[in-house]
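What follows is a set of notes on a single structure, which appears directly below.
The values are calculated or read from the model by the stated rules, or taken from the named source; none is laboratory data. Note that this is a predicted model, so its numbers are computed, not measured. Cβ placement follows ideal geometry from the backbone for every residue including glycine, while neighbour counts extend to all protein chains displayed. Heavy atoms of the whole protein, side chains included, go into the accessibility calculation; ligands, DNA and RNA do not. Shrake-Rupley method; radii C 1.70, N 1.55, O 1.52, S 1.80 Å.
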Amino acid sequence: MVWDFVKEIPGQVWEFVKQIPGQVWGFFENSFSTLTSVFKNTYDFLKEIPSKILDGIKSIFVPREEVVNDKIDSLKNVFVTTFGIESYDLSNVLGVETQITDQKGVINIAGFDFNVTFLDVTYIVKAVSTFRPYIRGFIVLLMIFYNINQFLTLIGQHPISLGVLISNDSSAPALPAPADYPKLEG
């Protein structure tokens, strides 16, 4: 009986020794996987910092869509209550163009029908399509000069004026004195 017990001791020792490499491997494997996950989580966190900063800056300057829609709805309600107009669609007033077409007709003279063009708009269409860009450009130039003059007046400078440069009196200054222009106060 004691001999059976003594005989089992080497087998039990061998089983114990056999488990030691697996336990050591399991310990290091768990340690490495934990360490790897810590490094991976840290890397992912650091990688997301620029996008989080950009999202934060964007949220400061760009309002959310629901905020914009709420503001538009409130503006629409103020418009309706102030003016009593339910529809603010101005598309029938703005942007409505009719194309210029030739004016044609049929004339009956002594039983004979003649197809006649009363107004040929070929030259008008060519003139409009030729001069429209120039007219638009000139108007844009005038708007730019007007806005520059507004800005110059705002900062207390002389506005741009071609009229003061054309003078018959050679003793008159090219630009009027600063006291001639009102200054903005406030």
Check your understanding: Among Tyr88, Tyr43, which is the only one that is open to solvent by 100 Å² or more (accessible area, probe 1.4 Å) and either touching a Leu at 6+ places or on another chain (Cβ under 7 Å) or at pLDDT 80 or above (or both)?
Key -> Tyr43
Practice item. Kindly indicate whether any position in the stretch 114-123 is modelled with pLDDT of 80 or more, loosely packed, with under 10 Cβ neighbours inside 10 Å and in contact with a strand residue (DSSP E or B) (Cβ under 7 Å, 6 or more places away or on another chain). Key: yes
